[in-house]
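Taken together, the values in this text are just the output of simple stated rules run on the coordinates, not laboratory data. Keep in mind that this is a model prediction, so the values were computed, not measured. When we count neighbours, we look across all protein chains shown, and the Cβ atoms used for this are built from the backbone with ideal geometry, even at glycine.
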Amino acid sequence: MTDRSARVVEVLGYIGANVRRLRLSRGLTQEQLAEAAELDLRFLQRVERGQTNVGVAVVVALADALAVAPGVLFRKARLPEAKPGRPRKTTRSQGGSNKPS
């Protein structure tokens with residue numbers, strides 16, 4: 001891998017980590033963010049993992065959907081370690097249960 005290729009991979013990781021961090025801080029699911037940015041869900045998932053190259057239009061769409069300046073997505077950040085499998089479903093403990101009485 002050339003120095004330039006390694007740098008691109010590094011920056012794509014920053015973008016992915018920042019998108020994920022901002023999405024979670026706003027309480028959005030990947031589906032909600034993909035819809036707001038008018039992106040395919042699978043594409044957004046690859047962006048968050050730093051596994052796909054993104055163009056200016058995608059950076060702007062994500063920044064707009066997250067209500068930040070596009071430059072914020074380029075800030076140095078670290079991707080969390082990937083966990084295999086689906087995330088666990090969280091239970092809602094507000095208000096009572098959905099079980100019949």
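For the reader, a short list of remarks on this structure follows.
- Helix-only [θ]222 nm of the chain, DSSP H runs n ≥ 4, -39500 (n - 2.57) each, per residue, nearest 500: -15000 deg cm²/dmol
- Assigned charges on the beta-carbon of Lys, Arg, Asp, Glu; the chain dipole about Cα centre (debye): 560
- Among Gly50, Gly16, Gly71, the largest mean-square fluctuation in a Gaussian network model of the chain (Cα springs under 10 Å) belongs to Gly71.
- Comparing Glu81, Glu35, Glu48 in a Gaussian network model of the chain where C-alpha atoms under 10 Å apart are linked, the largest mean-square fluctuation is found at Glu81.
- ³J(HN,Hα) computed for each position of region 15-32 - Karplus, 6.51 cos²θ - 1.76 cosθ + 1.60, integer Hz, glycine/proline x: 4, x, 5, 5, 4, 4, 4, 5, 4, 5, 5, 9, x, 9, 7, 4, 4, 5
- The per residue volume of the convex hull around the alpha-carbon atoms of the chain is 136 Å³.
- Taking Cβ atoms as reference points and 14 Å as the exclusive limit, the residues near Glu81 contribute a net charge of +3, counting Lys and Arg as +1 and Asp and Glu as -1.
- Selected from Gly13, Val68, Val56, residue furthest toward positive end of dipole (the chain; charges at beta carbon): Gly13
- Degrees, to the nearest 10: 56-66 long Cα axis against longest axis of the chain: 30
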